[in-house]
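These notes concern the structure reproduced below.
Read-outs throughout are calculated quantities, based only on the coordinates presented, and are distinct from any laboratory measurement. Since this is a predicted model, take the numbers as computed values, not measurements. Every residue, glycine among them, receives a Cβ derived from its backbone with ideal geometry; neighbour counts consider all protein chains shown.
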Amino acid sequence: MFTPNLMEIYDELKELGKFEIVLITHDEDENSFNEYFSKMPWLAIPFSDSDTHKKLNKLFNVNGIPQLTILDQNGNVLTNEGVEIIIEHGADGYPFTREHIEKIIERKERNQSLQSLLVSTSLDYVIKKETVAALEGGTVGLYFMGVTNEKCIAFNSKLVEVYTELKEEGAIFEIVMIPVVDDYDETLVWNALKDHPWFSLPPNDSRCDKLVYYFKIYDYPTIVAIGPDGKTLHSNIVDAIQEHGSRAYPFTPEKFEELEEIKKAKRELESLLVSKDSDFVIQNDGAKCNEILVSCHFRFKYPVLLEKLYYFTFPPIRVPHAALSCPYS
């Protein structure tokens, strides 16, 4: 997936300044190398020069491929993260200095919008042919999903339930799936979409990798919540959805503070009213009522609970008249 991206911007990088790429192959045989290299516009260390291959791999600590190590004009390493920089920033990453990349990241975060996240030069829509512009003004969850990931598969049913509830309640909320599994069969993505009601980026779309690097996604499932203004509300709302369901909407910091206060109040209430053998209160007709202990934190405010439940009564104390005496008599 990376090589086509690099080929797209190679000519543009050449025009920006003195820039060249040298391929150090990891092919197992010369025929494979020749076939691969014949499609490349850049230079390469000859396949037969295995000593140089080994020396460079050790020098630049190559542990996995692809790796793009970028050197300055003096041969000093600017970065070993050229792959990430090219995917996320394209030719804008040139000249690849730390200071330049930090400025780009700062500018992108400051100007972040749904358009900047989901629109590329040639693509401005998500699957179902909905334009990105049509999603603006509402809350959007970017669902980074591994199509064959077991945790994602297990989470999907809960997400469908919450998504359906929110739509029925009239919430202005959409989900855009970002398929991110390596080497997947494209048909798996299309089959997954048939079972889910939300939108998605197309399979093998370069925007997927770009978003993975931009949001620094390391685990799946992850849902990044984007607010109506296009800014990030939360880096991952998966746990909130699993714990609170649709009540977590609209996924703002204020909403999460409210949910935490309710959760704290429930814990305090249960510590006072629930024992090992009893998890209920009684009504005035003697009927047991434990529903309030389970759902009170969703139905009432905590001060009201105190008023409703912490009401103690005692029977009147009756003392025989003869037992009364005055100590000063």
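A compact table of results
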read-out	value
Whole-Å distance, taken between Cα centres, linking the stretch 216-268 and the stretch 59-91	36
Loop chymotrypsin sites (Phe, Trp or Tyr not before Pro), the stretch 201-267, which have at most 14 other Cβ atoms in a 10 Å radius of their Cβ (DSSP)	Tyr218
Under-5 Å amide H pairs with Thr25, H placed in peptide plane, nonlocal only	Ile45
Gain upon complete extension [Ala134, Leu188; 0.36 nm per residue less C-alpha separation]	16.8 nm
Neighbour-count ranking [beta-carbon atoms within 10 angstrom, fewest first] of Glu20, Glu81	Glu20, Glu81
Ranked list, fewest to most other Cβ atoms within 10 Å of each Cβ, for Thr3, Thr25	Thr3, Thr25
Neighbour-limited loop hits for trypsin sites (Lys or Arg not before Pro), the stretch 217-265 (at most 14 other Cβ within 10 Å; DSSP other than H, G, I, E, B)	Lys231
25 Å Cα-Cα threshold exceeded, pairs from Lys54/Lys103; Lys103/Lys151; Lys58/Lys210; Lys167/Lys194; Lys231/Lys264; Lys14/Lys103	Lys54/Lys103; Lys103/Lys151; Lys58/Lys210; Lys231/Lys264
